[in-house]
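A.B. asks: Mind looking over this structure? Questions follow.
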Amino acid sequence: MKKLLKTAGILFFYFTMNGTAQEVGVPLRFDHYYTYGQVVEALEALHAAYPRLTTLDLVGYSEENRAIYAITITNPETGDHLSKPGVYVDGNIHGNEIQAGEVCLYLANMLLTKYGENERITSLVDEKSFYILPSVNVDGRYHFFEDANTPSTNRSLRRPKDDDRDGLFDEDPYDDLDGDGNICEMRKKDPNGTHRTDPFDPRLMIRVQPGEQGEYVLLGREGIDNDGDGSLNEDAEGYVDPNRNWGYSWQPNYVQRGAGYYPFSGTGIKAISEYMLARPNIMVVWAFHNSGGMFLRGPSTQDAGEFSREDIRVYDYIGENSEKITPGYRYLVIWKDLYATYGDSNEWANHMLGSYSLVGELFQSQSETYALNEDQVKPGARSPQQGAEDTNHQRLKFNDHVAQGELYKPWTPFTHPDYGEIELGGWVKMSSRLPHPFMLQDLVHRNASAVIFSAEQTPEVELQLFRKEEIKKGLYKVRIRLVNSNAIPTLSYMALKDNLLRKDLLTVTGNDATVVTGGLLTDPYLDKTSYKEHKPEIQFVHVPGFGKVEYEFLISGKGKIRIDYSSLKARDQSLEITL
Ligand SMILES: [Ca+2]
Ligand SMILES: [Ca+2]
Ligand SMILES: [Ca+2]
Ligand SMILES: [Ca+2]
Ligand SMILES: [Zn+2]
């Protein structure tokens, strides 16, 4: 390259133009995908543009020693980040699921560029802490862009594994036979083959019916037998699945494929878990993946049992609203509606951090439509091809006429060292699980809006004095109400049940006063209180979502009294009263 630049001025100009077009600046653009290097540049650019509202956190390093960064967004003038409800958002734990990173970058960009302009965004940045980690699997992201791939390869941690137990590690990956940067499909003409071409679109292959003449045999994904063992592509990179390597409900590889040899054997994954544990204020966790258009909640396995009714109510509120924010997406339960996963990040976060966690499966390939709306179809106007106008045909036409052929590689002859004359073709790397960049803006905005919705539901507690009465000389009855007007309680019911974290504290102090007794007011009308026998000046508190709790204190003395509310997940509050 260097040599070219010296000798060919015109080339230099071209690359400069190209480089300028790709340059990362704030506000960030979402008409293209960010390589690993550009993700880092984007975070650095956001931090440089908004140094007061952000910190750039080096979370750790990957297997191949790439830096994993997160950005913290909050207004430090309204309190330290740890003092506010935390919303943690990550993406791209599977290396190929790159648009998850763009959702994270978009969220960060939106929070920062709209701060001071949009009232709701401004109050979120003032009152909450956002921890945004766009690319968990940084090696995977790097290699997804850099190497030839299918839309579904390069998910693993870069930790070599001997998949076929021949003593060699990752010795037979896919091979980009025609050097176009994609791992496509291979097919070979064979009258005894299992498939024939689709009459409506010969690019598509359909399985022959019994008694029908075949036309082609499908030979799998592009590759050769690199190690000459008689199999093709039997040991590609990895596979350690970074989302099966977390230290909660972990199971070995023979139970859970991709688990790795032990929990947190992934260096980056371990660093991220430590980063999260150091932020006990995190109350909402989002992990973005592709694809399918789903918002998933736990439990991840059936044997874990169902969540409590109260926690489900919180998830339902966020999940059902998220469905409406992103039309077509469905809110589902992982083990029941998808499949069981052991050692995933969201259940780890729920059980170790006491968070409410959601997995966002981004993108629906069926949104790549080439069709009339129902109300545009004139009676009798459906073509005889109607039956063939299913998703696959539509997606090919979408490729042809909306994406100008960028998503699908036409079948092309190729001479294969093992198979002889074959054809290569099919969906390319940047297809199928990723929206074409022209649709990216809509995807990142809607999903970032779902995160915003959940952030607005993190607990905010208001302390109210609702009764103060001198019941005897120098003896006061004081009633305090704690109101949470958001959906999320101050601790999850799972965390309460497991005794995972300390409860919120409500403390009463005064120089010239003593708390004689105090406790939870169970019935304000019938004057019923459940008094705490020891240290009544400190109450252990839990404030439900969309709810309130009330406490009564009998205080003897005089002067100023301070009521303090302290919570791991909600902002602290205090109140002063005078007896
Ligand atoms: Ca092997
Ligand atoms: Ca290729
Ligand atoms: Ca082989
Ligand atoms: Ca191979
Ligand atoms: Zn995934």
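The values are calculated or read from the model by the stated rules, or taken from the named source; none is laboratory data. Bear in mind the structure is a predicted one, so any value in this text is a computation, not a measurement. Please note: Cβ atoms are built from the backbone with ideal geometry, for glycine as well, and neighbour counts cover all protein chains shown. Surface areas here come from the heavy atoms of the whole protein model, side chains and all, with no ligands, DNA or RNA. Shrake-Rupley method; radii C 1.70, N 1.55, O 1.52, S 1.80 Å.
A.B. asks: Mind jotting down the distance between the C-alpha centroids of region 215-234 and region 405-447, whole Å?
C.D. replies: The two parts, judged by their Cα centres, are 19 Å apart.
A.B. asks: To continue, here is another question. In Å², what does the accessible area per residue of the chain work out to with a 1.4 Å probe?
C.D. replies: 45 Å²
A.B. asks: Given H placed on each backbone N at 1.01 Å, which residues far from Gly405 in sequence or on other chains put an amide H within less than 5 Å of it?
C.D. replies: Asp400
A.B. asks: Still on this structure, I have one more. At 7 Å along the Cα-to-beta-carbon direction for both Tyr419 and Lys477, put a label point, then send me their distance in nm to one decimal.
C.D. replies: Each label point is offset 7 Å from its Cα along the Cβ direction, giving 8.4 nm.
A.B. asks: Could you pull out every residue, at least 5 positions away or on a different chain, whose amide H is within less than 5 Å of the one on Asp57? Hs are placed 1.01 Å off N in the peptide plane, and Pro or chain starts have none.
C.D. replies: When sequence neighbours closer than 5 places are left aside, the close amide H contacts are Ala70, Ile71, Thr72.
A.B. asks: With r as the distance between the Cβ atoms of Asn118 and Thr369 and R0 = 56 Å, compute the FRET efficiency 1/(1 + (r/R0)^6) and round to 0.05.
C.D. replies: Efficiency, from the Cβ-Cβ distance: 0.95.
A.B. asks: Separate question: Considering only protein heavy atoms and a probe of 1.4 Å, how much of the accessible area of region 484-579 is carbon and sulfur, as a whole percent?
C.D. replies: On the way: 2380 of 4720 Å².
C and S fraction of accessible area: 50 percent.
A.B. asks: Quick one: what are the phi-derived ³J(HN,Hα) couplings along region 316-333, Karplus 6.51/-1.76/1.60 with θ = phi - 60°, whole Hz, x for glycine and proline?
C.D. replies: 4, 4, 6, x, 5, 6, 4, 4, 6, 6, 10, x, x, 6, 10, 9, 9, 9
A.B. asks: Mean residue ellipticity at 222 nm from the helices of the chain, using -39,500 (n - 2.57) per DSSP H segment of n ≥ 4 over the full residue count, to the nearest 500 deg cm²/dmol?
C.D. replies: Mean residue ellipticity at 222 nm (helix-derived): -7500 deg cm²/dmol.
A.B. asks: Once the piece of chain linking His32 and Asn392 is laid out straight, how much longer is it, given 0.36 nm per residue of separation minus the C-alpha distance between them?
C.D. replies: Extending this stretch completely gives an extra 127.1 nm.
A.B. asks: Still on this model: So what J values fall out for region 60-75 if you push phi through Karplus, 6.51 cos²θ - 1.76 cosθ + 1.60 with θ = phi - 60°, rounded to Hz, Gly and Pro as x?
C.D. replies: The phi angles translate into x, 10, 7, 4, 9, 6, 7, 6, 9, 10, 10, 10, 9, 10, 6, 8 Hz.
A.B. asks: First compute the accessible area of region 112-265 with a 1.4 Å probe, then give the percent of it belonging to carbon and sulfur atoms.
C.D. replies: C and S fraction of accessible area: 48 percent.
A.B. asks: If packing is taken as the average number of other Cβ atoms within 10 Å across a peptide's residues, how do 99-108, 54-63 rank, most packed first?
C.D. replies: Highest-to-lowest ranking by the protection proxy: 99-108, 54-63.
A.B. asks: Still on this structure: Bin by bin, in steps of 10 Å, what percent of the Cα pairs in region 165-292 do you find, going until the bin that has the longest distance?
C.D. replies: 10, 23, 26, 22, 14, 5, 1
A.B. asks: Once the dipole of the chain is set up with Lys and Arg at +1 and Asp and Glu at -1 on Cβ about the Cα centre, which of Ala371, His401, Ile488 lies farthest towards its positive end?
C.D. replies: Among Ala371, His401, Ile488, the one farthest towards the positive end of the dipole of the chain is Ile488.
A.B. asks: List the pair-distance distribution P(r) of region 494-579, using every Cα-Cα distance, as the percent of pairs falling in each 10 Å bin from 0 up to the bin containing the longest distance, rounded to whole percents.
C.D. replies: 16, 45, 33, 6, 0
A.B. asks: Starting from the Cα-Cα distance between Leu526 and Glu310, subtract it from 0.36 nm times their residue separation and give me the gain in nm to one decimal.
C.D. replies: Full extension from Leu526 to Glu310 adds 75.1 nm.
A.B. asks: Can you tell me the Rg and Dmax of the chain, counting just the alpha carbons, in angstroms?
C.D. replies: Over the chain's Cα set, Rg and Dmax evaluate to 28.8, 103 Å.
A.B. asks: Can I ask one more? Calculate one ³J(HN,Hα) per residue across region 514-529 by plugging θ = phi - 60° into the Karplus curve 6.51 cos²θ - 1.76 cosθ + 1.60, and present them in order as whole Hz with x for glycine and proline.
C.D. replies: So the Karplus estimates, Gly and Pro as x, are 10, 7, 6, 7, x, x, 5, 7, 8, 8, x, 7, 8, 6, 9, 9 Hz.
A.B. asks: Highest mean first, what order results for 339-351, 84-96 on Cβ atoms within 10 Å?
C.D. replies: Top of the packing list down: 84-96, 339-351.
A.B. asks: For region 406-528, build the convex hull from the C-alpha positions and give me its volume per residue in Å³.
C.D. replies: Hull volume over Cα atoms, normalised by residue count, gives 248 Å³.
A.B. asks: Find, among the trypsin sites (Lys or Arg not before Pro) in region 91-188, those assigned to loop by DSSP (not H, G, I, E, B) with at most 14 other beta-carbon atoms within 10 angstrom.
C.D. replies: Details: sites: Lys114, Arg120, Lys128, Arg141, Arg155, Arg158, Lys161, Arg165, Arg187, Lys188; in loops: Lys114, Lys128, Arg155, Arg158, Lys161, Arg165.
Answer by residue number: Arg165.
A.B. asks: Report, by chain and number, residues whose modeled amide H sits under 5 Å from the one on Asp572, excluding near sequence neighbours (fewer than 5 apart, same chain).
C.D. replies: Ser567
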